[in-house]
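Everything below concerns the one structure shown next.
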Amino acid sequence: MRIRSIRTWIIILLSAIIIITIVAPNKKVEVLQKEEAGNIHATSTQTTASTSIDPNIHFLIEDEVVTINTENIPILYSLLSTSQNIHLTKNKMSLQKVEPLDTYLLSFNCQKSCSYMIINMTKDMESMLLADYVKFKKYYVSPNRDKVLFVFHQKGYDKTIVFGLNEWKQIKYTTLQEVTEPLNIQDIQWLDNKSYELSLSTTTQTVIYEEMKEE
């Protein structure tokens, strides 16, 4: 009877050891899982905090600080939000004043060439993309000062864009003359508010462009 009792106790002891061996690691795993979940939550919080950006870009123009709030300009805000180096992205932008007053030309996303956007500071940061992958050369204001003719250079030739400030859109111009390609512009003159003349550098040719009538 004594031997049988000892065997019984041994079996009970071994069973307890087995149960502890199985249960203890599971509890340890559960603790680790909780710790990992806490770390993931903390990392997620940190990531959210780090992705918050300053939407304002500041430019110094003629001793005046001009601030652009990119939250009002989706293209620029998206560019900053996806940038791996926001400081560098902002530094690659440049802003210049375009007469009439409170109208500006912004260059951004520059590599060998840039994208250009016209911005009006008095109309809730109203903006319009003018051209991509080009280099800006010069601009000319119409006699009535309600249109701006921009000259850009792209892949070896010049291109012109006329922008109406009152309509806040690009205005199409056309010519009946045969134009030498590629277009290399030496000079531009507004003849009146609806037409302008190009002088080409490759020839003595001048070309007159007139505003297209809306249908």
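The values are calculated or read from the model by the stated rules, or taken from the named source; none is laboratory data. Treat the numbers as computed from the prediction; the structure is a model and nothing was measured. Here the Cβ positions follow ideal geometry from the backbone for every residue, glycine too, while neighbour counts run over all protein chains shown. Please note that ligands, DNA and RNA were not included when accessible areas were found on the heavy atoms of the full protein model with its side chains. Shrake-Rupley method; radii C 1.70, N 1.55, O 1.52, S 1.80 Å.
Points to keep in mind about this one:
- With 32 Å as the limit, the listed pairs LYS90/LYS194; LYS97/LYS172; LYS92/LYS147; LYS112/LYS147; LYS90/LYS213 have LYS90/LYS194; LYS90/LYS213 beyond it between alpha carbons.
- Charge dipole (debye, nearest 20) of region 146-215; +1 at Cβ of Lys and Arg, -1 at Cβ of Asp and Glu: 240 debye
- Fully extending the segment from THR203 to GLN111 would add 30.0 nm, taking 0.36 nm per residue of separation and subtracting the current Cα-Cα distance.
- Accessible surface area normalised per residue over region 95-215 is 56 Å², counting heavy atoms of protein chains with a 1.4 Å rolling probe.
- Extreme residue, positive dipole direction of region 151-200, given options TYR196, PHE152, ASN166 (C-beta unit charges): ASN166
- Mean Cα-pair separation over length for region 103-193, i.e. relative contact order, pairs under 8 Å, 6 or more apart, %: 18 percent
- Sequence of SER107, SER94 when ordered by accessible area, the most exposed leading, probe 1.4 angstrom: SER94, SER107
- Remark: the GLU99-LYS213 segment gains 38.5 nm on full extension, using 0.36 nm per residue and subtracting the alpha carbon distance.
- With the simple model of a label 7 Å out from the Cα in the direction of the Cβ, TYR77 to ASN144 spans 3.4 nm.
- Highest-first packing order for the peptide set 147-157, 77-87 is 147-157, 77-87, based on the mean count of other beta carbon atoms within 10 Å.
- P(r), alpha carbons of region 93-215 - 10 Å bins starting at zero, rounded %: 12, 43, 35, 9, 0
- Model label sites at LYS159 and ILE53, defined 7 Å from Cα along the beta-carbon direction, differ in position by 2.5 nm.
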